[in-house]
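The values are calculated or read from the model by the stated rules, or taken from the named source; none is laboratory data. Keep in mind it's a predicted model, so treat the numbers as computed, not measured. No Cβ is skipped: glycine too gets one built from the backbone with ideal geometry, and neighbour counts run over all protein chains shown. With ligands, DNA and RNA removed, areas are computed over all heavy atoms of the protein, side chains included. Shrake-Rupley method; radii C 1.70, N 1.55, O 1.52, S 1.80 Å.
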Amino acid sequence: MKRTDGIIPTKIRELIALAIALTTQCAYCIDVHVKGAKREGASIDELAELISISASVRAGATMAHGLLAMRLFEQNNG
């Protein structure tokens, strides 16, 4: 996060970026934003909570797509 003049503190921006990286499963982004979050003072407890939140978001997307698959299955009666 090169920009430091935003309203959201840099540490929070790094944590948001890390949550997105975990959800999109971008290994390079995870590496960059773990280092950035640590540099900005994030704790291991914050990281653990962030991982939990990201996992629940990913699971929610899986559930939504699963329901779509079931609806498509039921629509295709042939």
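Before moving on, here are some points about what is shown:
- Portion, in percent, of the accessible area of the chain that falls on carbon or sulfur, probe 1.4 Å: 64 percent
- For the peptides 33-39, 43-49, the ranking by packing is 33-39, 43-49, with the highest mean count of neighbouring Cβ atoms within 10 Å listed first.
- Gyration tensor (alpha-carbon) shape descriptor, the chain, a/c threshold 1.5: prolate
- Site pair Lys35 and Leu68 shows an inter-label distance of 3.5 nm when each label is modelled 7 Å from Cα along Cα→Cβ.
- Rounded to the nearest 500, the helix-only mean residue ellipticity at 222 nm of the chain stands at -26500 deg cm²/dmol, with each DSSP H run of n ≥ 4 adding -39,500 (n - 2.57).
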